[in-house]
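> Structure provided below as structure tokens; questions to follow.
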Ligand SMILES: Cc1ncc(COP(=O)(O)O)c(C=O)c1O
């Protein structure tokens with residue numbers, strides 16, 4: 001807890017994770033609080049891509065699929081991600097986008113619950129999750145439907161007609177976090193399966209999908225895994241379901257013998273059946289650099305620091321911005337929130353633009369949410385101090401009240 005900037009500098013000096021920041025390229029003078037949306041480039045990524053293009057692709061050409069292990073990349077990188085989310089080897093793949101993986105896994109889960117009609121989710125879940133669920137319900141027909149309830153109604157809504165509970169562990173607009181193990185247990189008690197979206201938690205905290213009994217999970221590669229814009233995502237399938245679930249995107253990479261070129265589909269054994277087409281090798285290499293950064297550090301220490309950073313941010317807000325009508329959307333309790341802090345403000349969009357112009361990067365989610373992400377591998381205590389000082393100054397002087405801050409860009 002710090003009451004002046006020097007104390008924040010001291011907290012950074014004593015921080016066990018301080019050295020991790022050296023592993024990333026960040027511009028001087030920028031306070032980057034948007035790693036929950038797009039992580040910065042790992043320092044290793046440019047040289048890795050150069051080598052991949054020049055030597056592997058450039059010199060060894062197509063032979064690199066065998067020679068440099070390109071063919072194994074989804075499983076190899078998946079096994080690294082498994083270490084971050086508590087899965088055993090052979091349960092995770094790095095592949096496709098989160099949306100596409102959701103489609104595959106919802107299809108797989110529904111193939112195991114053909115006698116139940118309901119895909120259950122919560123109203124403020126990330127839209128792509130809801131859209132994909134709606135789409136697969138329509139495609140399958142037979143009375144399948146997506147049912148939505150409020151955040152805190154989910155456990156009560158699970159019943160004997162629930163096929164799949166589809167939830168995001170940490171909510172993108174509020175930063176609130178579900179109890180992964182408790183809800184999974186509640187779903188199982190009712191005979192339902194779970195599909196968890198770990199987009200806002202993988203790489204930011206310890207997760208143990210195996211001991212929580214999670215059935216299926218997906219997550220993003222470009223947020224806390226620092227895999228680059230549009231990085232491949234990941235999917236997790238519990239060992240118990242790998243022999244019985246059927247995923248609907250039957251592509252040749254999920255076939256038992258892709259290079260036998262058989263006329264009809266036979267799924268591969270194990271996790272490989274959840275592949276579809278050819279992996280984007282350049283993007284996979286960048287993703288692997290990002291994951292390697294995360295693997296170097298203890299996720300309990302990462303979690304502890306993210307909560308300290310958020311606590312400091314909230315304290316400084318209380319001290320400096322109390323008069324400005326900011327609403328604290330994220331829970332104050334550490335065990336009920338992820339690694340981001342969300343504030344509501346009627347002028348949230350121009351306030352964020354004014355902050356960005358001053359080098360403090362957060363983002364905005366309609367209609368009125370300002371989001372600040374705390375990725376402990378590179379965010380410092382002093383960054384929190386400087387961010388709140390900048391926010392206080394913008395609010396005190398109404399600097400946000402200028403037409404140039406109101407122009408909406410395509411990405412907010
Ligand atoms: C919870 C959640 N799921 C999924 C996505 C995005 O999915 P995709 O990578 O398919 O665009 C996001 C993007 O921010 C997200 O927050």
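> Residues being in contact (Cβ under 8 Å) with a residue 24 or more places away in the chain and exposed (fewer than 15 other Cβ atoms within 10 Å of the Cβ): count how many of those fall in the stretch 287-318.
3
This table checks each residue for (1) touching a strand residue (DSSP E or B) at 6+ places or on another chain (Cβ under 9 Å); (2) within 16 Å of the ligand (Cβ to nearest atom); (3) more than 28 Å from residue 376 (Cα to Cα); (4) at pLDDT 95 or above.
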| site | (1), (2), (3), (4) |
| --- | --- |
| 34 | yes, yes, no, yes |
| 51 | no, no, yes, yes |
| 54 | no, no, yes, yes |
| 64 | no, no, yes, yes |
| 73 | yes, no, no, yes |
| 76 | yes, no, no, yes |
| 81 | yes, yes, no, yes |
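> Of the numbered conditions (1) within 16 Å of the ligand (Cβ to nearest atom); (2) crowded, with 24+ Cβ neighbours inside 10 Å; (3) in contact (Cβ under 8 Å) with a residue 40 or more places away in the chain; (4) within 30 Å of residue 181 (Cα to Cα), residue 214 satisfies every one except a single condition; which is it?
Every condition holds for residue 214 apart from (3).
> If residue 194 passes every condition in (1) outside any strand (DSSP E or B); (2) away from the ligand (no atom under 12 Å from the Cβ); (3) buried (at least 16 other Cβ atoms within 10 Å of the Cβ) but one, which one does it miss?
Unmet condition: (1).
> Of all residues in the stretch 93-121, how many are assigned to a loop (DSSP other than H, G, I, E, B) and either away from the ligand (no atom under 16 Å from the Cβ) or modelled with pLDDT under 95 (or both)? Steps first, answer last, please.
Step one: list which residues in the stretch 93-121 are assigned to a loop (DSSP other than H, G, I, E, B), which gives 96-97, 112-117.
Remaining after also requiring either away from the ligand (no atom under 16 Å from the Cβ) or modelled with pLDDT under 95 (or both): 112-117.
Number of matching residues: 6.
> Select from the stretch 231-261 the residues that are free of Cβ contacts under 8 Å to residues at least 60 places away in the same chain, in a loop (DSSP other than H, G, I, E, B) and surrounded by 12 or more Cβ atoms within 10 Å (Cβ to Cβ) and list them in ascending order.
Across the stretch 231-261, the qualifying residues are 231, 250, 251, 256.
> Still on this structure, I have one more. Condition (residue is buried (at least 19 other Cβ atoms within 10 Å of the Cβ), farther than 26 Å from residue 340 by Cβ, touching a residue at least 24 places away in the same chain (Cβ under 8 Å) and within 15 Å of the ligand (Cβ to nearest atom)) applied to the stretch 148-168: is it met by at least one residue?
Within the stretch 148-168, none of the residues are buried (at least 19 other Cβ atoms within 10 Å of the Cβ), farther than 26 Å from residue 340 by Cβ, touching a residue at least 24 places away in the same chain (Cβ under 8 Å) and within 15 Å of the ligand (Cβ to nearest atom).
> Same structure, new question: Give the residue that is surrounded by the most Cβ atoms within 10 Å (Cβ to Cβ), with candidates limited to residues of the stretch 83-92 that are part of a helix (DSSP H, G or I) and more than 16 Å from the ligand (Cβ to nearest atom).
Keep residues of the stretch 83-92 that are part of a helix (DSSP H, G or I), which gives 83-85.
From what is left, the residues that are more than 16 Å from the ligand (Cβ to nearest atom) are 83-84.
Details: 83: 15, 84: 24.
Among those residues, the one meeting the criterion is 84.
> Please verify whether the stretch 267-278 includes one or more residues that are closer than 27 Å to residue 35 by Cβ and out of contact with any strand residue (DSSP E or B) (no Cβ under 8 Å at 6 or more places or on another chain).
no
> Residues to consider are 184, 124; find the one that is free of Cβ contacts under 8 Å to residues at least 60 places away in the same chain, more than 26 Å from residue 327 (Cβ to Cβ) and either touching a helix residue (DSSP H, G or I) at 6+ places or on another chain (Cβ under 7 Å) or in a strand (DSSP E or B) (or both). Quick ask: steps written out before the conclusion?
Values: 124 fails: more than 26 Å from residue 327 (Cβ to Cβ).
It is 184.
> Looking only at strands (runs of 3 or more DSSP E) that fall completely inside the stretch 278-395, which ones have 1 or more residues that are within 14 Å of residue 204 (Cβ to Cβ) and touching a helix residue (DSSP H, G or I) at 6+ places or on another chain (Cβ under 8 Å)?
On the way: elements: 340-344, 363-365, 369-373.
Qualifying strands (runs of 3 or more DSSP E): 340-344, 369-373.
The values are calculated or read from the model by the stated rules, or taken from the named source; none is laboratory data. Computed from a prediction, not measured in an experiment: that's the story for all the values here. Cβ sites come from the backbone with ideal geometry, for glycine too, and all protein chains shown count toward neighbours.
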